[in-house]
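**Student:** Below is one structure. I have some questions about it.
Readers should treat all values here as calculations from the given coordinates under stated rules, not as data from a laboratory. Small disclaimer: the values here were computed from a predicted structure and weren't measured. In this analysis, Cβ positions are derived from the backbone assuming ideal geometry, glycine residues included, and neighbour counts consider all displayed protein chains.
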Number of protein chains: 2
Amino acid sequence: MLFHQFFDSTSSTYTYVLASRAGGEALIIDPVKEHLHAYLGIIERLDLRLVHAIDTHTHADHITALGDLRDATRCCTIMGERSKAECVSRRVSEGEILRADGIQLRAVYTPGHTDESFSFVLNPDAPAAVFTGDVLLVGGTGRTDFQGGDAEQSWDSIVNKLFTLPDITVVYPAHDYRGRTSTSIGEEKVANPRIAGKSRAEYVEIMNGLNLADPKMMDVAIPANLRCGRRD
Amino acid sequence: MLFHQFFDSTSSTYTYVLASRAGGEALIIDPVKEHLHAYLGIIERLDLRLVHAIDTHTHADHITALGDLRDATRCCTIMGERSKAECVSRRVSEGEILRADGIQLRAVYTPGHTDESFSFVLNPDAPAAVFTGDVLLVGGTGRTDFQGGDAEQSWDSIVNKLFTLPDITVVYPAHDYRGRTSTSIGEEKVANPRIAGKSRAEYVEIMNGLNLADPKMMDVAIPANLRCGRRD
């Protein structure tokens, strides 16, 4: 497996490029517009053919590279079926499988941070990793106070869906703000301070009491992302 | 497997905490003094017992947390047998195995960046990952112009030792300066611009022509690291 995790230091976003071999097909998850050339560079160096560019949800803190990647590589742009981004080519439903050479990603509907968020399980027959977007973070969970976010749905997505994956499944989030690049299902079960030892009602109270400021780029990023990151 | 990769944004250093389960024994590789409390925090949250704190080599760009971790947790401090840091408890040789609950690391002598650098192969019976320190980086290799560095030894360590690992082995370096968190042996074979398609002589010419400035912290970091990071 060729696996690249990129970090955007402006928005603390992680982007993932996956391929099973040099010369084969590749997938990208949550690409950031400003890093288009880094992604194209690795695609070229490894002689990859990008087949799917995926956003886990409509990001509020950075502009997606989905549209630019589509123009540069003719890849298919993908979001969940409830996304309002009409520009995406394919809108996946619960359980749908995305395929590239030697790679499968299973779409799992995980609302809570937004009402259209999906997670993606790598090679679901023997799950090695899950890309959780903003619903489950390292020792945290994505805010639930805008874009159709809902703390009860967040709990259900995490506890009733993601936590049914094997404990050893590596969790790759869309963000971390303290330099941590991954976690695991088992670790979040026992150590996520918002979830471990808490009830659903306690979680909802925590999330509804966060009172966070809006993301700085929200007014720019959301409209741009509904156009797949194109500014025109 | 519990796996945490930490990033120090001052020196672009990656640190790794490994354990097979919550409540079990843990290892740490290349810890940075300034992040001691982050490491102790995760050790406490996951109820881990730190048994080994390892430096792959004498770092020139940050101060190690080995001494502080030893004082805080009574872990064993470890470097390669050629390290001049007399403070370490255990000095490993080629092929030696370091053990924690459910984890093995095999020490591999990989000089080139320094004359005392070791890499560590995770679970060597079926290698999943290798921690390469500065000898092999993502799309690069560590400089070979100080601390007994040697471009010919660097080539031999990478091509004749690390590249004998399975292509799928994940490579976790001690640094990346562009937000990339890992690579793989197979990828570096085909895409490392200093090595792929190059001869040993060409590599030596590239490395000996880099003319890099000294690391900013070198005069402070090396003496401090020879005392396991203690300033006294």
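**Student:** Mind sorting A:H37, A:H4, A:H57 by how few other Cβ atoms lie within 10 Å of their own Cβ, fewest first?
**Tutor:** In order of increasing Cβ crowding within 10 Å: A:H37, A:H4, A:H57.
**Student:** When the dipole is taken about the Cα centre of chain B, and only Lys, Arg (+1) and Asp, Glu (-1) are charged at their Cβ, what size is it in debye, to the nearest 20?
**Tutor:** Taking the Cα centre of chain B as origin, the dipole is about 360 debye.
**Student:** Share of Cα-Cα pairs in region A:2-225 beyond 31 Å, in percent?
**Tutor:** Value for region A:2-225 (Cα pairs over 31 Å): 14 percent.
**Student:** Now, a different point. Given the rule -39500 (n - 2.57) for each run of at least 4 DSSP H residues, summed and divided by the residues of chain A, what is its mean residue ellipticity at 222 nm, to the nearest 500 deg cm²/dmol?
**Tutor:** That comes out to -5500 deg cm²/dmol.
**Student:** Hey, another quick one. A:A151: net charge of surrounding residues, Cβ under 11 Å, Lys/Arg +1, Asp/Glu -1, itself excluded?
**Tutor:** -3
**Student:** Whole Å is fine, so just give me how far the alpha carbon centre of region B:77-96 lies from that of region A:77-96.
**Tutor:** Here the answer is 53 Å between Cα centres.
**Student:** If R₀ is 22 angstrom, what is the calculated FRET efficiency for the pair A:D219 and A:E86, using the beta carbon separation as r and rounding to 0.05?
**Tutor:** Efficiency, rounded to the nearest 0.05: 0.65.
**Student:** Roughly how many debye, to the nearest 20, is the charge dipole of region A:120-232 about its Cα centre, given +1 on each Lys and Arg Cβ, -1 on each Asp and Glu Cβ, and no other charges?
**Tutor:** Around 280 debye, computed over region A:120-232.
**Student:** List every residue whose amide H lies under 5 Å from the amide H of A:Q104, counting only residues 5 or more places away in sequence or on a different chain, with H placed 1.01 Å from N in the peptide plane.
**Tutor:** The list, which skips near neighbours in sequence, is A:N123.
**Student:** Using only the alpha carbons of region A:30-160, what is the convex hull's orientation-averaged projected area in square nanometres?
**Tutor:** Working: hull surface 32.8 nm².
Approximately 8.2 nm², given one-decimal rounding.
**Student:** Continuing with the same structure: Return the subset of B:K84/B:K216; B:K33/B:K216; B:K33/B:K198; A:K84/A:K216; B:K33/B:K189 for which the Cα-Cα distance in this structure is over 28 Å, preserving the input order.
**Tutor:** Too far apart for the 28 Å limit: B:K33/B:K198; B:K33/B:K189.
**Student:** Note the full-extension length gain between A:F146 and A:I97 as 0.36 nm times their separation in residues minus their Cα-Cα distance, in nm to one decimal.
**Tutor:** Gain in length upon complete extension: 14.8 nm.
**Student:** Then there's this: Just to check I understand the Karplus step: with θ = phi - 60° and J = 6.51 cos²θ - 1.76 cosθ + 1.60, what whole-Hz values come out for region A:106-116, glycine and proline as x?
**Tutor:** 9, 6, 10, 6, 10, x, x, 6, 9, 7, 10
**Student:** What's the average, rounded to a whole number, of partner chain beta-carbon atoms within 10 Å of each residue's beta-carbon in B:183-193?
**Tutor:** The per-residue average across the peptide is 4.
**Student:** Projected onto the charge dipole of the protein assembly as shown (+1 at Lys/Arg Cβ, -1 at Asp/Glu Cβ, origin at the Cα centre), which of A:L50, B:T15, A:L98 gives the Cα projection farthest towards the positive end?
**Tutor:** Of the candidates, A:L98 comes out farthest on the positive side.
**Student:** Amide H neighbours of B:A26 under 5 Å, at least 5 residues apart or on other chains, H built in the peptide plane: list them.
**Tutor:** B:R49, B:L50, B:V51, B:H52
**Student:** Please list 3J(HN,Hα) in residue order for region B:35-41, calculated via the Karplus relation 6.51 cos²θ - 1.76 cosθ + 1.60 where θ = phi - 60°; whole Hz, with x for glycine and proline.
**Tutor:** Taking θ as phi minus 60°, the curve returns 9, 3, 5, 5, 5, 5, x Hz for region B:35-41.
**Student:** I would also like to ask the following. Quick one: dipole size for the protein assembly as shown, taken about the Cα centre, charges +1 on Lys/Arg Cβ and -1 on Asp/Glu Cβ, in debye to the nearest 20.
**Tutor:** Charge dipole, the protein assembly as shown, about its Cα centre: 180 debye, nearest 20.
**Student:** Another question, if that's okay. Using Cβ-Cβ distances only, list the Cys residues of chain B with no partner cysteine under 4.7 Å, sorted by number.
**Tutor:** Lone cysteines by the Cβ rule: B:C75, B:C76.
**Student:** A follow-up question, please. Near the amide H of B:A128, under 5 Å away, which other amide H atoms are found, from residues 5 or more places off or on another chain, if H is placed in the peptide plane?
**Tutor:** So B:A128 has HN proximity to B:L122.
**Student:** For region A:157-232, what's the radius of gyration and Dmax over Cα atoms, in angstrom?
**Tutor:** Both quantities, over Cα of region A:157-232: 16.1, 48 Å.
**Student:** Report, to one decimal in Å, the Kirkwood hydrodynamic radius for region B:99-155 based on all distinct Cα pairs.
**Tutor:** 11.8 Å
**Student:** What are the principal axis extents of the Cα atoms in the protein assembly as shown, in Å, biggest first?
**Tutor:** 59, 48, 39
**Student:** Report ³J(HN,Hα) in whole Hz for each residue of region B:118-133, in order, from the Karplus equation J = 6.51 cos²θ - 1.76 cosθ + 1.60 where θ = phi - 60°; Gly and Pro get x.
**Tutor:** Karplus-based 3J(HN,Hα) across region B:118-133 equals 10, 9, 9, 9, 7, 6, x, 5, 8, x, 9, 7, 9, 9, 9, x Hz.
**Student:** Between B:R227 and A:A126, with labels modelled 7 Å along Cα→Cβ, what's the label distance in nm to one decimal, could you check?
**Tutor:** 5.0 nm
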